[in-house]
Structure formats: structure tokens, C-alpha cells
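First up is the structure itself, then whatever we jot down about it.
The values are calculated or read from the model by the stated rules, or taken from the named source; none is laboratory data. Source: prediction; values computed, not measured. Using ideal geometry, Cβ is built from the backbone for each residue, glycine included, and neighbour counts are taken over all protein chains shown.
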């Protein structure tokens, strides 16, 4: 395990945003960072499914599910696909499922909660949208850093200590 957020907060206090502490850690990696790829989708993970099938090297998928706890936006099969395509991690402002299986996937994963109910697949969602949740605003291309201490967002890449 590695604590990167406290050092980044000490080094760049005027260049960062810190998310409110509403997220839980579920993935097999305890810290991750990369360029944000944003998507808004409410109780429909169609766009998440599309994105995890693309190359994610150096990227973190940031999903705003409107904070819904009723349907899981990510399960173990999509997490495995994301890991195999090189995604660094996924942050979900919503729910996930298959938490035991996902804890074994080499992928950083933060979400609000777990719920076993799958989403509907209607092809809804918007990729590249600026998102606001948990006291932060994150745009496509921003940089996101995550560890067990929380979530940090910066407009430019930060030098890791």
C-alpha cells in the first residue's frame, strides 16, 4: 500500500480538489492515477461497457451515476475487461456489484456502495461531460489521483513524491 494523497496535498494545496469522503475501495489496487475519461450515466451502464473495451493505458474512468444506489454500474466482467485493456482505475459516483470478485481484479476501484441489481441497457449516457459530485468538478482530461485516503483532482499532472 502507498499513501500518495497526503504528500500531494502538502505539495500542491492550491492546485487540487479533494472529493468528500463518500467512496469505498473495492478494487485489487489500493492506489491509482491517470487522465480522467468522464461519463454521465444514470442506472444504465451502456457507455461504461463501451469505454472499458477501449485502451485505458494511463487513464481513469470517472463515472457519474447520479449517486444512485439502486443499480450497479460495474460488475466483475466489466472490471476484468477494463483491467485487460490497461485502465488504471474506475471511480463511480454510484453502485457496483460482484465485490468479492472485483477485489481480485488488478484495477483501482472506488464507488459509493455495492448493490447486486444490474442496470438497464438502453444505450443512454454522455461521454466527455464535465461532472460535479462529492464537492469536486472534473472534466475530461483532468488528472485524478486515488488511494485509501480518498480522491484528488488536478487540472494538470502532478509530480508524484
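Quick notes on this structure:
- Among the residues of segment 7-39, none is identified as part of a strand (DSSP E or B), over 12 Å from the mean Cα position of the chain (by Cα) and buried (at least 19 other Cβ atoms within 10 Å of the Cβ).
- Qualifying residue in segment 116-136 (condition: free of Cβ contacts under 8 Å to residues at least 60 places away in the same chain, buried (at least 19 other Cβ atoms within 10 Å of the Cβ) and touching a strand residue (DSSP E or B) at 6+ places or on another chain (Cβ under 9 Å)): no
- Exactly one residue among 51, 74 is in a loop (DSSP other than H, G, I, E, B) and buried (at least 20 other Cβ atoms within 10 Å of the Cβ), and that residue is 74.
- Test: residue 80 is at pLDDT 95 or above, surrounded by fewer than 20 Cβ atoms within 10 Å (Cβ to Cβ), touching a strand residue (DSSP E or B) at 6+ places or on another chain (Cβ under 6 Å) and not in a loop (DSSP other than H, G, I, E, B): no
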